[in-house]
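Right, one structure below, let's go through it.
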Amino acid sequence: MRSLTVLYDAQCEVCRRARAWLERQAQYVPLEFVAAGSDEARARFPGLDARRTLEEVTAVGDDGAVYRSAKAWVVCLWALVDYRRLSLKLARPRLLPRAERFVARLARRRRRR
């Protein structure tokens, strides 16, 4: 994978902060951010459900692979210089469920705001 596009909810404060944090990190794989549900997102990714991308972070590799929720976060970490090792650990079958629970908690928190 040579690039990764991250679809995020541009109206969500938590999502905007996460984007800003990701942008500040050194990257092995360039991250591009597109507002989920936007005209640009619909044009670039017509096969994706726009509502679903607003509900859960979605990342799309230049190879067409689609990652959602915790797997999207893990692949974003994988793209970062200082977090690739952590991403490989989180991707393991034993730890991925913990990452999924953490992302689910974040999603519930952002919906309450």
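Those residues that are in contact (Cβ under 8 Å) with a residue 60 or more places away in the chain, open to solvent by 30 Å² or more (accessible area, probe 1.4 Å) and part of a loop (DSSP other than H, G, I, E, B), I need them from segment 1-18; list them, please. Of everything in segment 1-18, those that are in contact (Cβ under 8 Å) with a residue 60 or more places away in the chain, open to solvent by 30 Å² or more (accessible area, probe 1.4 Å) and part of a loop (DSSP other than H, G, I, E, B) turn out to be Met1, Arg2. Please work out which residue is nearest to Leu95 (Cα to Cα), limiting yourself to segment 19-76 and to residues that are aromatic (Phe, Trp, Tyr) and either surrounded by 14 or more Cβ atoms within 10 Å (Cβ to Cβ) or touching a Leu at 6+ places or on another chain (Cβ under 9 Å) (or both). Among those that are aromatic (Phe, Trp, Tyr) and either surrounded by 14 or more Cβ atoms within 10 Å (Cβ to Cβ) or touching a Leu at 6+ places or on another chain (Cβ under 9 Å) (or both), it is Trp73. Selection over segment 45-70 of residues that are in contact (Cβ under 8 Å) with a residue 40 or more places away in the chain, among the aliphatic types (A, V, I, L, M) and under 21 Å from Arg2 (Cα atoms) gives a count of 5.
Taken over segment 78-104, the residue count meeting the criterion of being at pLDDT 95 or above and open to solvent by less than 40 Å² (accessible area, probe 1.4 Å) is 2.
Within segment 78-89, identify whether any single residue is touching a strand residue (DSSP E or B) at 6+ places or on another chain (Cβ under 9 Å) and part of a strand (DSSP E or B), and answer yes or no. Yes - at least one qualifying residue is present in segment 78-89.
The values are calculated or read from the model by the stated rules, or taken from the named source; none is laboratory data. All values derive from a computational prediction rather than experimental measurement. Using ideal geometry, Cβ is built from the backbone for each residue, glycine included, and neighbour counts are taken over all protein chains shown. Note: areas computed on protein heavy atoms with side chains; ligands, DNA, RNA excluded. Shrake-Rupley method; radii C 1.70, N 1.55, O 1.52, S 1.80 Å.
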